[in-house]
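Contents: one structure, followed by commentary.
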Amino acid sequence: MTNEALKIKLPELIPSVVFEEGGEWITAFVDASAWKTIAQQLRSNEDFQFDYLFCVTCVDWKTHLTMVYHLTSTIYRHSLVIKAKLDRNNPEIETVSDIWRTAEFHEREAYDLFGVKFLHHPDLRRLLLTDDFDGYPLRKDFEDPINMIKL
Amino acid sequence: MYRETQIIKHAQKASSNGGNLEEAGDLVINVGPQHPSTHGVLHLVITLHGETIKNVEPHLGYIHRSIEKMCESLSYRQFIYVTSRMDYLSSHINNHGCAMCVEKGLQVEIPPRAKVIRVLMDELTRLASHQLWWGAMAMDVGALTPFFHAFREREMINDIMEETCGARLTMNYMVPGGVMYDIHPNFQKRVKEFIEEFKKKIDEYDELVTGNIIFQNRMKGVGYLTKEDAISYGCTGPTARGSGVSCDIRKLYPYEVYDQVQFNEIIETDGDCFARYLVRMQEMRQSLSMVEQLIDNIPEGDFQAKTKAVLKLPKGEFYSKIETARGEFGVYIVSEGGTTPYRIKFRSPGFSNLSALNHMAKGYKIGDLVAIMGTLDLVIPDIDR
């Protein structure tokens, strides 16, 4: 499907979708609480079939966090970017690791570095940092006077 | 890093998810972080029943440097140099991916000469990386000689790189707008010498290892990964192509001059270790043919487009992907319009490939784990970042 066709088709699936302009691919903001059902539909719907989640990341906007999911269909070769706004003090979103299994590691990384809690994740522990590490280093307000060198 | 009690606790917790693993005779062992077959500081906690693997749990982060955070305080020219330290076996291609992402933001068209030089360097890097993998792979399963053969030819590429880029591993040759310097006057001559030499040697590689019955017994029917699982785990590169997934970025989303050179995307459908091995062996021949096609056709002209001294990306998001020796390497830059990236994310191929390891190794013998890890071609700094 082309980007234009995706833009027409998506609101049928997700009525509350808000598009963001610019960028190479269609970027859609979804409600964090509805993400799980949307993800299931995006994966299984005949017209979309987004079976390949190639990048999961989080961005700290100081007022809120944004989860960013990059999806591609290996059948139709169309791509989509899904974003979900999260509360910075209590970031919570449903896991999609049962839909795309690559998400298991990527979500653990986002939990490790941003503190996003993925509900119903099978094994939510720190991945890269030690278990007793304090704080979430990729947040903008993270301070470490010993190890961090500011340029 | 992890106290022993914690390791056992974690392993038990993880293994309890996979079914009834509490039965007598289960053994939890650690492979790594210092172990010859992990090729770096990777720590695996393995639950065994007899010799059969029940669960493999990777513990990462022994070489985590938080490169993503570091990049947030580096300018768009500087951050590319840090990426050489991620996948140190294909640092050219990492640099290339980052340079492409910055160029996408700046909307700079790079000169044709730079494009061809970039592709040549990428393919030479891929050859060097696959050569090292081949030697290490054979060494992992017990054959030491191939390692020396592979390093002998790899040395020729390293010498070529050293002459033009001034470095053997961390090249830092790609810059936004093109390449840093023009190629060395000897470059074409030496690459041609290498092509002649390696054409003979790659047949020798096949004679030495590929047809060896002991080697085939170790590789065939081990570490199966189906096509659906490969996609679901986000595997890319030769790992996924060995399972029949068409995922070569050079073919699907051609960049630079990949749409003008003749090459085949190598796909094997068996999905076992031997299929992944064959993909990489044939990819070496494809890379060699690409280098051969381009080496006499480097266009004259500038090697770098004119760019400002201080780069500023417009507000927005940029994503570029590139095929490294291990798979799809993605760079995601969020820009606020300043001279440094607001947020940068590197989607490294090894990270996703490693996540499939537990699925692939379950049910096989512990000796097979080494073969499975070998065909994943893991580079640990690329996974930990």
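Each reported figure results from applying straightforward, stated rules to the coordinates on display, with no laboratory input. Worth saying up front: this structure is predicted, and the values here are computed from it rather than measured. A quick note on method: Cβ atoms are made from the backbone with ideal geometry, for glycine too, and the neighbour counts reach across all protein chains shown.
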Checklist outcome for this item: In Å, the C-alpha Rg and Dmax of segment B:103-215 are 16.7, 54
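Hey, fewest Cβ within 10 Å first, where do A:ARG108, B:ARG190 land in order?
Fewest to most other Cβ atoms nearby, the residues stand as B:ARG190, A:ARG108.
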Next on the checklist: Can you tell me how segment A:3-119 classifies by the Cα gyration tensor, rounded, prolate or oblate, using a/c under 1.5 as the rounded cut?
Outcome noted: prolate
Checklist entry - For peptide A:106-116, how many partner chain Cβ atoms fall within 10 Å of a residue's Cβ, on average? => result 2
Next on the checklist: What do you get for the angle between helix B:273-295 and the principal long axis of chain B? Use alpha-carbon atoms, 0 to 90 degrees, nearest ten.
Outcome noted: 10 degrees
Item to check | Assigned charges on the beta-carbon of Lys, Arg, Asp, Glu; the protein assembly as shown dipole about Cα centre (debye) | outcome: 780 debye
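Give the calculated FRET efficiency between A:SER33 and B:GLU292 to the nearest 0.05, with a Förster radius of 51 Å applied to their Cβ-Cβ distance.
0.35
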Item to check | Nearest-20 debye value, segment A:2-73 charge dipole, Cβ charges on Lys, Arg, Asp, Glu | outcome: 220 debye
Checklist outcome for this item: Long-range amide H partners of B:GLY178, meaning residues 5 or more apart or on another chain whose placed amide H is closer than 5 Å, are B:ALA305
Item to check | Antiparallel DSSP beta bridges within the protein assembly as shown, as percent of all bridges there, nearest 5 | outcome: 85 percent
Checklist entry - So who's got an amide H within less than 5 Å of the one on B:GLN78, skipping anything under 5 residues away but keeping other chains? H placed 1.01 Å off N, in plane. => result none
Next on the checklist: Which aspartates and glutamates, if any, have their Cα less than 13 Å from the Cα of B:LYS201, not counting same-chain residues under 8 positions apart?
Outcome noted: B:GLU153, B:GLU193
Checklist entry - With θ set to phi - 60° and the Karplus curve 6.51 cos²θ - 1.76 cosθ + 1.60, what are the ³J(HN,Hα) couplings of segment A:49-54 in order, to the nearest whole Hz, using x for Gly and Pro? => result 6, 6, 9, 10, 9, 9
Checklist entry - Classify segment A:89-151: rounded, prolate or oblate, from the alpha-carbon gyration tensor (a ≥ b ≥ c, eigenvalue square roots; a/c under 1.5 rounded; otherwise prolate if a/b is larger than b/c)? => result prolate
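Can you pull the mean other chain C-beta count within 10 Å for peptide B:351-358?
Taking all residues of B:351-358 together, the mean is 3.
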Item to check | Estimated distance in nm for a label pair at B:LYS315 and B:ARG152, the labels positioned 7 Å out from Cα along Cα-to-Cβ | outcome: 6.1 nm
Checklist entry - Cα axis of helix A:3-13 to longest principal axis of chain A: angle in degrees, 0 to 90, nearest 10? => result 90 degrees
Item to check | Extension reserve of the A:PHE142-A:ASN90 stretch, reckoned as 0.36 nm per residue once the Cα distance is removed | outcome: 17.1 nm
Checklist entry - Tell me, what ³J(HN,Hα) does each residue in segment B:142-149 have, in order and in whole Hz, if you take phi through Karplus 6.51 cos²θ - 1.76 cosθ + 1.60 with θ = phi - 60° and put x for Gly and Pro? => result x, 9, 8, 4, x, 4, 6, 4
Next on the checklist: If I fit a long axis through the Cα atoms of helix A:103-114 and take the longest principal axis of the Cα atoms of chain A, what angle between them do I get, 0 to 90°, rounded to 10?
Outcome noted: 40 degrees
Item to check | Area projected by the alpha carbon convex hull of the protein assembly as shown, averaged over all directions, nm² | outcome: 24.2 nm²
Item to check | Descending Cα extents along the principal axes, segment B:143-284, whole Å | outcome: 48, 37, 27
Checklist entry - Cα-Cα over 29 Å: which of B:LYS189/B:LYS220; A:LYS9/B:LYS362; B:LYS251/B:LYS308; A:LYS9/B:LYS69; A:LYS83/B:LYS312; B:LYS115/B:LYS345? => result B:LYS189/B:LYS220; A:LYS9/B:LYS362; B:LYS251/B:LYS308; A:LYS9/B:LYS69
Item to check | Calculated from backbone phi, Karplus (6.51, -1.76, 1.60) coupling profile of segment A:17-32 in Hz, x at Gly/Pro | outcome: 5, 10, 8, 10, 7, x, x, 6, 10, 5, 10, 10, 8, 10, 6, 4
Checklist entry - For segment B:67-384, taking Cα atoms only, what is the radius of gyration to one decimal and the Dmax to the nearest whole Å? => result 19.3, 59
Checklist entry - How would you classify segment B:174-248 from its alpha-carbon gyration tensor, with a ≥ b ≥ c the square roots of the eigenvalues: rounded for a/c under 1.5, else prolate if a/b is greater than b/c, otherwise oblate? => result oblate
